[in-house]
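Comments concern the structure below.
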Amino acid sequence: MAKALVFTVPNDCDNMLAQRFLRDKCGLSARIITRLKREKNGILMDGKILRTIDFVQKGKDVIINLPNETSSIVPIEGTLKIAYEDDYFLIVDKPPFMPVHPVKQHQTDTLANIVAYYCRQKDDDYIFRAVNRLDRDTSGLVIIAKNRFCANALKNITHKIYYALCEGKIETPGTVNQPIDLKDDSKMVRVVRSDGMPSVTHYKPIFSCNDYSLLELWLETGRTHQIRCHMAYLGHPLVGDDLYGGSLELLTRQALHCGEISFVHPITNKQLVVKCNLPDDINNLIRHSTIKPKED
C-alpha cells in the first residue's frame, strides 16, 4: 500500500485555496491532483474530504492518499546493497555490469528485477522509478522513488558526486565547458561539437599514481556519457573505457562510480546526504603503491 503524504499547513498559507496549496506548497502536479479527486479519500484535511475549491487552515494536516500501483517487472532474487531507505525512497549501491532497467537484451538481470524481489519479500509493491540512471558498467548510487510524487519532486534537484579513474596525471582542478552531442556516424558515442548541447563538468584530483589519476567530479548538466566524453576530450579517458579511447589493461569497464547523492527530502524538507564506498575493482587499483597494467 502506498504511504500517505502528510503536509501541515504553515501559518503563511492560512485560508489559501486548496488547489493552490496542493500545487505550490505540496508540489503536486495537475495530473496527480485530478486523479486524487477521483479516488476515495484521495485528499483529506484532518480526516475530512478536501476539495480543490476549499480553503486550507493553518496548523491542520492535509493528507494525500496516493493510489496503489502494481509493478509488472519480474522479481528475481539477488544481492541488493541498500545505502538508504524510508517510506518514500530506496537508494541502492549498484554494482558494475548490471543494467538499471529491463531492456530487450536484459529482461531478468537488472537492478529493477532485484528491487521487485526485495519489495515482494517485504509485502510491498510500487512502480520502479529510478530518479537517476547509470550506465550498465557504471557503479554507484541509484535513487528509486516509491511513488510518482516523490519521483517528480526530485527532478533536476539532486546533487551527485562521481569518482573516475582516468589515464594520465591530473594535478589541478578544472572545468570542462564544452557542448556535446552524438558523433555523426554513431548512435551511441558522444563528442564535443559546437552545435551540441551545453555541458559543464567540474573535476578535482584526489589521488594520482604514475600515469593514472582518481578524480572527484560533479556536473552542472546531465548529458548522456558527459563525464566519459569530456575526459576523453581533455586527453584523459577513463580507465577501461575503450569506447572513448581508454585502455582495457587495468579494468574491463569504465572506472566511473557515483559515490554521493544529496537532495532536500520532499516530505521532511531536510537535507539528505547518502554516500557509498568505491567498488572493489577501483579500490584494489588505488590501494597498490603503483598501478601497473595486468600482465599476460
Handout entry: Residues (part of a loop (DSSP other than H, G, I, E, B), at pLDDT 90 or above and surrounded by fewer than 13 Cβ atoms within 10 Å (Cβ to Cβ)) located in segment 42-73
Key = Arg51, Ile53, Gly59
Practice task
Report whether or not Leu141 is closer than 16 Å to Glu260 by Cα and within 13 Å of the chain's Cα centre (by Cα).
Solution key: yes
Practice task
Tell me, please, whether a residue that is more than 30 Å from Tyr203 (Cβ to Cβ), at pLDDT below 95 and either surrounded by fewer than 17 Cβ atoms within 10 Å (Cβ to Cβ) or touching a helix residue (DSSP H, G or I) at 6+ places or on another chain (Cβ under 8 Å) (or both) can be found in segment 130-145.
Solution key: no
Problem - Top-ranked residue of segment 218-272 - restricted to ones that are of a type in the set (Val, Ile, Thr) and touching a residue at least 24 places away in the same chain (Cβ under 8 Å), ranked as farthest from Asn147 (Cα to Cα) - result: Val239
Handout entry: Hey, Met188 farther than 23 Å from Ser139 by Cα and assigned by TED's automatic domain parsing to the domain that holds Lys169 or not
Key = no
Problem - Subset tally (residues that are assigned to a helix (DSSP H, G or I) and more than 16 Å from Tyr162 (Cα to Cα)) for segment 236-285 - result: 5
Practice task
Considering only segment 178-212, state which residues are touching a helix residue (DSSP H, G or I) at 6+ places or on another chain (Cβ under 7 Å), in a loop (DSSP other than H, G, I, E, B) and aliphatic (A, V, I, L, M).
Solution key: Val189
Exercise for the section: Please specify each residue of segment 189-243 satisfying the condition of being closer than 19 Å to Leu285 by Cβ, among the acidic types (Asp, Glu) and surrounded by fewer than 18 Cβ atoms within 10 Å (Cβ to Cβ). Expected result: Asp211, Glu216, Asp242
Practice task
Identify all residues within segment 253-276 that are over 14 Å from the mean Cα position of the chain (by Cα), at pLDDT 95 or above and among the polar types (S, T, N, Q); write none if there are none.
Solution key: Gln254, Gln271
Handout entry: Matching residues, segment 96-116, being surrounded by 17 or more Cβ atoms within 10 Å (Cβ to Cβ) and farther than 17 Å from Asn147 by Cα
Key = Pro96, Met98, Pro99, Val100, Pro102, Thr110, Leu111, Asn113, Ile114
Fill in the blank from the handout: The condition from (1) surrounded by fewer than 16 Cβ atoms within 10 Å (Cβ to Cβ); (2) of a type outside the set (A, V, I, L, M, F, W, C); (3) in the same structural domain as Asp123 (by TED's automatic domain parsing); (4) closer than 22 Å to Ala151 by Cα that Glu77 misses is numbered (4)
Exercise for the section: Report, by residue number, each residue of segment 13-36 that is acidic (Asp, Glu) and touching a residue at least 24 places away in the same chain (Cβ under 8 Å). Expected result: Asp14
Fill in the blank from the handout: A careful count of residues in segment 6-20 that are in a strand (DSSP E or B) and either within 17 Å of Ile49 (Cβ to Cβ) or aliphatic (A, V, I, L, M) (or both) gives 4
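The values are calculated or read from the model by the stated rules, or taken from the named source; none is laboratory data. Since we're looking at a predicted model, the values are computed, not measured. Here Cβ is always computed from backbone atoms with ideal geometry, including for glycine, and neighbour counts include all displayed protein chains.
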